Structure formats: structure tokens, C-alpha cells
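**Student:** Below you'll find the structure I mean.
Derivation of every value follows stated rules applied to the coordinates shown; laboratory data play no part. Bear in mind the structure is a predicted one, so any value in this text is a computation, not a measurement. We place every Cβ from the backbone using ideal geometry, glycine too, and count neighbours over all the protein chains shown.
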């Protein structure tokens, strides 16, 4: 076997192993974290976005199917479930702060969710998008499994909704802080709550990594807006006759 | 730590089962979150503490999982990049809707929440 053949056979072996894809994913994220800490220049340069770009570049460069990558990376993906459940613990620790703000929380989640749905509809119509894309866009602010279920219910395209939802999360995580600084919202609870409401898990992850109070309020907003949106979107579709 | 992992997995499992059984749109882990929170609040109210071992176990496990929460979104994020062609000619319009919609929703919700909080404080 020549050296080249030996390298090739190692590469073939590695591609089939979860270890390679797990190492790549964590490495890309750490690189993103490093670049983010060093630059802090541009909001799009956050650790998740950079990590995603690095991994995607590797896959495209070597012509790897996403399914093959995900077969390895699914072990990281699996942890999303337990991580979601474990949000109960910081929420429990800050329970007094949450009950003290109960009225503001409930009002904001209701009006904020209505706003998110209506602005999405108005913009989608303004950009003259097709009806099935409009329907796929409506539930985009909430966590992907809820959004996909709602999309299916109202006649959207669930897989398209999944993509739209993730992009919403990344944009919320990337530009949320910047927007809130611009509007001079200083209260950590209000900052986190707005990010969780409008950009679900990815926004919550970002809030949690910056401030615990913001993270807890983001998690509460994500859960509540998920439920409210699941009920509101079908009602809006019916009332507006979309 | 192992107790913490066990409790969290157990509640996710219960959540997934509830979701499947009642065929709900709310995902299993979110149901698990709500049930675990209720359990913690109930135990807390009844015994005034969770017991050191469980409390520590849950705290370390959740801190570990939540410490690098953004990392867990990289695999699906890559999926979006690889499948972005599904948006075909509508890419820019859809991105525009998402960008303006998300940023304005964050702004409106934050300002509303802050106003309500300040008013609540003044009334106290």
C-alpha cells in the first residue's frame, strides 16, 4: 500500500466513525468561541454561527453528505433534550423572581407572540411570497418541534418551517443583544425574555451563556410562547382567512 | 452528578411518553421541563429542601449541560446550511422576513416587558 492509499483508507475509516464528526463539531464550536472572544466586532460572528460555517465548509469541501455527518454528530444533538429538561433547575432557583413578575410575563408573552405572528404575515405578504411559504413562516418564532407541528396543521411545509425556525434562532441570537443595546433595555429579565420569546432555544442558549437571569427568563418565554403560538397561529390563519 | 443525569433523563422519558400518548404538538423535553419544575417546587414546599445530594447532582448536571448550550445547536445548524437550497428563488425574501420580523419582535417584547415591570414596581 502506498502512503497515499494508506491515508485514503484512514480517511474512509474516520468518515464512518462518530468520533471524527464529534471532534470536528466541538472543535469548530471552540474555534468560534475563540474568534468571538478575540473580535467582538460583528454580531454575526458568534460561536454557533462560526461553528456552523466551519463544519459546513468541511462537508462541502470534501463532498460529504449531511446524513453521514449527522450520523456521528447526533450524539451532540441528542443532548438538546436533556439540556431542555435541565432548564427546570435554574428556573426553580429563580422562581421567586418569576412569580414576582408574573403579570408582566403573561401580558408580554401574549402580546409579543401576537406581534411576532402578525409582523411575519405582514412582511411575507409585502414580499409577495407564495401561500405555502407564508404558512410555513407563521410559527417560526417557537422551538422547531412545535413550529413544525403547527406548520403541518395549517397546511405549510414542515421541513421548510424547520429551516426557517433555525434561521430565526440564529438571527435572534446574533442580533438580539445589539438590538436591545440600541433600545437601551437594561433589565436582564426583560432582555432575556424578549430573546426567548422571539428566537426560542438558540436565543435562549445565547442568553444563558451571557447572564443567568436573562437565560432563565428566556427559557420561561420560550416555553410559554411555544404554547401560546401553537394555539394562536391556527386562530390567526382562520380569522384572516389566509 | 449521576443522580442528576438520572433524574433529568427520567423526566425527559416521562415527557416523551406523555407527548406520544396524548399526541401533543408540544415536544417531550418541554413537557419534561414543566414536570421536573413542578416536582422541584412541590418537594421544596413539602420538605423545604431537596436534600443535599440531589440538589448538588441536579445543579452540576444542569450547569454542565447549559454551560455550552449553543454547541448543541451546531449539528442542526449545519443541516440548515446544507439544505438551504430548499428556499430556491425565495431565499432573500424569506431571510428579509425573518430578519426584520425577529429583530422587531425582540425590540417590541423587550420594551413592553420593561415598561410593565417598571409600572409594577411603582404600584408596589
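**Student:** When the Cα centres of the stretch A:80-136 and the stretch A:1-35 are compared, how far apart do they sit, in Å?
**Tutor:** 38 Å
**Student:** Sticking with this one: Please work out the Kirkwood hydrodynamic radius for the stretch A:85-240, using every pair of different C-alpha atoms, and report it in angstroms with one decimal place.
**Tutor:** Result for the stretch A:85-240 stands at 15.5 Å.
**Student:** Just how many % of Cα pairs in the protein assembly as shown lie over 35 Å apart, if you round to the nearest whole percent?
**Tutor:** Value for the protein assembly as shown (Cα pairs over 35 Å): 23 percent.
**Student:** Measure nothing fancy, just the Cα-based angle from helix A:212-240's long axis to the longest principal axis of chain A, in degrees from 0 to 90, nearest 10.
**Tutor:** So the inclination is approximately 70 degrees.
**Student:** Another question, if that's okay. Distance in nm between label sites at residue A:184 and residue A:39, each 7 Å beyond Cα in the beta-carbon direction?
**Tutor:** In this crude spin-label approximation the distance works out to 3.0 nm.
**Student:** Which of the peptides B:97-107, A:70-80 is most tightly packed, and how do the rest follow, judged by the mean count of other Cβ atoms within 10 Å per residue?
**Tutor:** Peptide ranking by packing, descending: B:97-107, A:70-80.
**Student:** While we're on this one: Quick check: the angle from helix B:91-123's long axis to the longest principal axis of chain B, C-alpha only, nearest 10 degrees?
**Tutor:** 50 degrees
**Student:** While we're on this one: If you take the square roots of the eigenvalues of the alpha-carbon gyration tensor of chain B and sort them as a ≥ b ≥ c, do you get rounded (a/c under 1.5), prolate (a/b over b/c) or oblate?
**Tutor:** oblate
**Student:** If each of residue B:122 and residue B:88 carries a label point 7 Å out from its Cα toward its Cβ, how far apart are those two points in nm?
**Tutor:** According to this spin-label approximation, the distance is 5.4 nm.
**Student:** Helix B:2-22 against the longest principal axis of chain B: what's the angle in degrees, Cα atoms only, rounded to the nearest 10?
**Tutor:** 60 degrees
**Student:** Rounded to whole Å, give me the distance from the Cα center of the stretch B:56-124 to that of the stretch A:162-237.
**Tutor:** So the two Cα centres are separated by 4 Å.
**Student:** Would you mind giving the mean number of other chain beta-carbons within 10 Å of the Cβ of each residue in A:227-233, as a whole number?
**Tutor:** Going residue by residue through A:227-233 and averaging, the value is 1.
**Student:** Hey, got the average number of other protein chain Cβ atoms within 10 angstrom for residues in A:203-211?
**Tutor:** The per-residue average across the peptide is 3.
**Student:** Let me ask another. So the label point goes 7 Å from the Cα of residue A:26 along Cα→C-beta, right? Which residues of the stretch B:53-82 then have their backbone N under 20 Å from it?
**Tutor:** Those under the cut-off are B:60-78.
**Student:** Peptides A:196-205, B:83-92, A:30-39: what's the order by average Cβ count within 10 Å, highest mean first?
**Tutor:** Result, highest mean Cβ count within 10 Å first: A:196-205, A:30-39, B:83-92.
**Student:** Can you tell me the FRET efficiency between residue A:159 and residue A:10 if r is taken as the Cβ-Cβ distance and R0 is 35 Å, rounded to the nearest 0.05?
**Tutor:** 0.50
**Student:** Continuing with this model, one more query. With each label point set 7 Å from Cα along the Cα-Cβ vector, what nm distance links residue A:79 and residue A:2?
**Tutor:** Reported label-point gap for residue A:79 and residue A:2 is 4.1 nm.
**Student:** Still on this model: Please compute, over every Cα-Cα pair in the stretch B:73-124, the percentage with a separation greater than 12 angstrom.
**Tutor:** Tail of P(r) above 12 Å: 74 percent of Cα pairs.
**Student:** To the nearest whole number, what is the average tally of beta carbon atoms from other chains within 10 Å of the beta carbons of peptide A:145-158?
**Tutor:** Per-residue shielding by partner chains comes out at 2.
**Student:** Among B:8-19, A:96-107, how do they line up by average Cβ neighbours within 10 Å per residue, starting with the highest?
**Tutor:** Peptide ranking by packing, descending: B:8-19, A:96-107.
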